[in-house]
1. Of ALA64, SER99, VAL43, whose Cα points farthest to the positive end of the dipole of region 28-109 (charges on the beta-carbon: +1 Lys, Arg; -1 Asp, Glu; origin at the Cα centre)?
2. What distance in nm lies between label points placed 7 Å from Cα along the C-beta direction at SER99 and THR47?
3. Taking a ≥ b ≥ c as the square roots of the Cα gyration tensor eigenvalues, with a/c under 1.5 meaning rounded and otherwise prolate when a/b beats b/c, else oblate, which class fits region 36-80?
Amino acid sequence: MMTRHSPYRTLALLALALAVPLLSAAALPRQSAVPGGVALLPVGNSTAPAPVVTFGGKRVLTIADGTQWIAVLGLPLATKPGKVTVDVQVLSGGHSQRSVQVLDKKYTE
């Protein structure tokens, strides 16, 4: 039986494949989050257990990068320019929110 994956899961896997070579503390790319793009967001110290990061009610991929946890945030094409917020929950029960500024982008048709 063939299973269908959600477009968000496919996007997360693609983001992981593209982001892993970039993830070193000295070479994190500058934030340039656009609709249909991927934003990398530091979300905590990697000496602690991985935080649970959610965006739009969906869990976000987190990757350890030596000294910090990085959330790999896939932004749907329908995302409006402006600030988007992700929820970050740590194992100890703490909860916070982080935000990313989404820039406008015009794709050629």
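FYI, it's all coordinate maths here, none of it is from the lab. Just so it is clear, the structure is predicted and the values come from calculations on it, not from any experiment. All Cβ positions, even for glycine, are placed from backbone atoms using ideal geometry, and neighbour counts span all protein chains on display.
1. Working it through, the farthest residue towards the positive pole turns out to be SER99.
2. According to this spin-label approximation, the distance is 3.0 nm.
3. prolate
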